[in-house]
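Novice: Could you have a look at this structure, given as structure tokens, before my questions?
The values are calculated or read from the model by the stated rules, or taken from the named source; none is laboratory data. Since this is a predicted model, take the numbers as computed values, not measurements. Every residue, glycine as well, gets a Cβ built from its backbone with ideal geometry; the counts of neighbours run over all protein chains shown. Ligands, DNA and RNA are excluded from the accessible area calculation, which covers all protein heavy atoms including side chains. Shrake-Rupley method; radii C 1.70, N 1.55, O 1.52, S 1.80 Å.
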Amino acid sequence: MRVSILGCGHVGLVTGACLADIGHEVTCTDNDAAKMGILAQGRLPIYEPGLGSVVDRNLRAQRLSFTSDAGEAVRFGDVIFICVGTPPLPNGEADLAAMDATAKLIVTEARTPKLVIEKSTVPAQTGQRLKQALATYARHSISKFSFRVASNPEFLREGTAVFDFLHPERIVIGVEEEAAEIQLRKIYLPILEQRFSCPLHESTCPETPAPVLLVTDINSSELIKHACNTFLALKISYANLLADICEKTSANVDQVIEAMGLDSRIGPGFLRPGLGFGGFCLPKDIQAFTHVGERAGVDVALLHAIEGINRRRVKCLMQKLHQALWVVKHKSVAVLGLSFKPDTDDIRLAPALELIRQILDAGGDVKAFDPQAMEKAKVELPTITYCESAYQAAQETEALIVATEWEEFQHLDWALIRQTMSRPLILDGRNFLQADAMRALGFEYYGVGRPLEEPTREAIA
Ligand code: UDX
């Protein structure tokens with residue numbers, strides 16, 4: 001099928017490249033000229049494992065193309081995926097200006113009827129407004145074509161987005177006509193039947209159950225995305241609430257959560273306490289969903305609580321740092337990890353950056369290392385020291401904080417790090433390291449909700 005992608009951010013790029021990879025003809029456009037320039041050179045504006053090779057092989061196969069001519073992109077596809085940004089407005093509501101501009105563009109440029117599919121994360125009832133906008137703009141333009149609207153939310157995680165697109169647990173579509181359902185089923189058929197040559201797994205893909213196709217109405221489909229992301233955030237904030245209680249009751253959050261996760265009604269996923277959730281999705285989706293709830297006159301205290309717990313995570317870790325160092329001013333602190341999570345260079349709403357700001361506010365000096373995100377972090381935090389390696393970051397520091405759980409930090413020579421630090425003090429903001437192993441190496445080790453060693457309990461009390 002001929003597919004147009006409007007918006008080449010994380011969602012648009014992964015969607016476009018993967019749809020081309022399963023056999024569709026795809027043209028992508030974005031109104032960010034710089035991004036289009038990078039793409040035109042065959043490079044990617046984002047770090048996303050596996051995406052580069054998918055884009056390359058489909059550019060070579062001429063199944064995928066990028067154009068700065070938005071009109072050309074609109075005219076190309078029988079279906080159009082809207083993948084534009086819906087960032088939060090100052091009051092937290094989703095900003096739908098780009099959606100509206102896209103509706104205008106489609107009406108102006110289309111020369112044939114189109115199925116317009118929302119892939120961006122939008123509040124419930126946006127599809128209805130989009131339909132009205134398309135009809136209104138069409139009424140006042142030379143275009144006499146009809147546009148059908150559907151919703152198809154994405155559940156892609158940064159760092160595993162290509163896998164998530166090709167091996168999803170479910171595909172959700174919100175439609176109003178059978179024709180739209182048929183078209184979307186056809187688009188996703190290779191994925192629904194897991195019948196495609198996978199760019200990630202040369203020979204055999206992991207045994208994953210065939211994805212479920214969930215067909216519903218547009219409002220429900222839109223709300224499913226907010227509901228899922230907010231529930232994931234709820235699990236994380238609940239784990240952090242538990243961690244705080246464990247610390248005050250000398251219980252072990254790891255074991256508490258292990259026991260919870262063994263209950264299939266709860267499940268082990270997304271129960272890792274730490275510095276809290278960041279990134280461009282969970283925080284903004286909670287805010288947007290809160291607005292949907294408030295406008296509907298529903299009591300959304302639970303959503304406020306999720307956000308409130310998350311907002312205090314960095315402060316909790318700062319309190320531990322103050323406790324351990326007594327005075328932070330003029331002390332050198334190593335921070336390992338800057339991205340909001342591992343396997344991405346994305347620093348948007350990254351807890352690590354907020355942590356560094358608070359250390360700087362307390363007069364401390366920061367030496368930081370991240371495998372991928374330092375270039376982007378330098379724009380936000382130009383005054384700190386960026387290091388070539390975790391070892392360089394740890395040298396002559398009085399505390400080391402694990403802020404993002406990059407796999408490679410597990411495999412560092414911690415005995416060597418112990419020797420180079422002025423004080424062997426670790427604050428593990430992601431419960432990523434083995435507490436006992438660190439203590440056996442002679443580190444003072446503090447996790448999140450993990451038991452303290454007898455000797456340090458008095459120091460903290
Ligand atoms: C999220 C959703 O997972 C995805 O389905 C949706 O499409 C987009 O938003 P993403 O933002 O890439 O994906 O990150 P995710 O893996 O969900 O992690 C979000 C944040 O939660 C990260 O900061 C991560 O460090 C944190 N997190 C995650 C925890 O603190 N504890 C956990 O147990 C899991």
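Novice: Given (1) open to solvent by 60 Å² or more (accessible area, probe 1.4 Å); (2) within 22 Å of the chain's Cα centre (by Cα), identify the lone condition not met by ASP78.
Specialist: (2)
Novice: Among the residues that make up the stretch 237-248, is at least one of them near the ligand (Cβ under 10 Å from one of its atoms) and acidic (Asp, Glu)?
Specialist: no
Novice: Could I ask something else about it? Of LEU214, LEU241, LEU232, which residue is closer than 29 Å to VAL402 by Cβ and more than 17 Å from the chain's Cα centre (by Cα)? Let's see the steps before the verdict.
Specialist: Working: LEU214 fails: closer than 29 Å to VAL402 by Cβ; LEU232 fails: more than 17 Å from the chain's Cα centre (by Cα).
Result: LEU241 is the single residue among LEU214, LEU241, LEU232 that is closer than 29 Å to VAL402 by Cβ and more than 17 Å from the chain's Cα centre (by Cα).
Novice: May I pose another question? Name the pairs: first residue in the stretch 147-174 and in contact (Cβ under 8 Å) with a residue 60 or more places away in the chain, second residue of a type in the set (D, E, K, R) and in a strand (DSSP E or B), Cβ to Cβ under 9 Å, at least 6 apart or on different chains?
Specialist: VAL149/GLU118; ALA150/GLU118; SER151/GLU118; ASN152/GLU118; PRO153/GLU118; PHE155/ARG170
Novice: Consider the stretch 53-76. How many of its residues are closer than 16 Å to GLY9 by Cβ and not hydrophobic (A, V, I, L, M, F, W, C)?
Specialist: 1
Novice: Please go through the stretch 203-236 and pick out each residue that is hydrophobic (A, V, I, L, M, F, W, C) and either more than 16 Å from the ligand (Cβ to nearest atom) or on the phi > 0 side of the Ramachandran plot (or both). Give the derivation first.
Specialist: To start, the set of residues in the stretch 203-236 that are hydrophobic (A, V, I, L, M, F, W, C) comprises 205, 210, 212-215, 218, 223-224, 227-228, 231-234, 236.
The answer is CYS205, ALA210, LEU213, VAL215, ILE218.
Novice: Related question: Any chance the stretch 125-141 includes a residue that's within 16 Å of the ligand (Cβ to nearest atom) and either of a type outside the set (Phe, Trp, Tyr) or touching an Asp or Glu at 6+ places or on another chain (Cβ under 8 Å) (or both)? Reasoning before the result, please.
Specialist: Step one: filter the stretch 125-141 for residues within 16 Å of the ligand (Cβ to nearest atom), giving none.
No: zero hits.
Novice: What is the number of the single condition among (1) within 24 Å of the chain's Cα centre (by Cα); (2) open to solvent by 70 Å² or more (accessible area, probe 1.4 Å); (3) of a type in the set (D, E, K, R) that LYS225 does not meet?
Specialist: Unmet condition: (2).
Novice: Here's a follow-up. Which residues, taken from the stretch 431-445, are in a loop (DSSP other than H, G, I, E, B) and in contact with a Leu (Cβ under 8 Å, 6 or more places away or on another chain)?
Specialist: Kept after step one, since they are in a loop (DSSP other than H, G, I, E, B), are these residues of the stretch 431-445: 431-434, 441-443.
The one that is in a loop (DSSP other than H, G, I, E, B) and in contact with a Leu (Cβ under 8 Å, 6 or more places away or on another chain): PHE443.
Novice: Output yes when any residue across the stretch 144-154 is modelled with pLDDT of 95 or more, closer than 19 Å to VAL14 by Cα, hydroxyl-bearing (Ser, Thr, Tyr) and open to solvent by 10 Å² or more (accessible area, probe 1.4 Å), and no when none is.
Specialist: Checking the stretch 144-154: not a single residue is modelled with pLDDT of 95 or more, closer than 19 Å to VAL14 by Cα, hydroxyl-bearing (Ser, Thr, Tyr) and open to solvent by 10 Å² or more (accessible area, probe 1.4 Å).
Novice: Looking at the structure I just gave you, is SER4 in a strand (DSSP E or B) and either closer than 21 Å to PRO113 by Cα or modelled with pLDDT under 95 (or both)?
Specialist: Values: in a strand (DSSP E or B): yes; either closer than 21 Å to PRO113 by Cα or modelled with pLDDT under 95 (or both): yes.
When the stated conditions are applied, SER4 passes them.
Yes/no matrix, rows are residues, columns are (1) more than 11 Å from the ligand (Cβ to nearest atom); (2) surrounded by 14 or more Cβ atoms within 10 Å (Cβ to Cβ):
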site: ARG272; (1), (2): no, yes
site: PHE289; (1), (2): yes, yes
site: GLU294; (1), (2): yes, yes
site: ALA305; (1), (2): yes, yes
site: ARG313; (1), (2): no, yes
site: GLN319; (1), (2): yes, no
site: ALA334; (1), (2): yes, yes
site: SER339; (1), (2): no, yes
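Novice: Looking at (1) open to solvent by 50 Å² or more (accessible area, probe 1.4 Å); (2) within 30 Å of GLU405 (Cα to Cα); (3) touching a Gly at 6+ places or on another chain (Cβ under 8 Å), find the lone condition where ARG63 falls short.
Specialist: (2)
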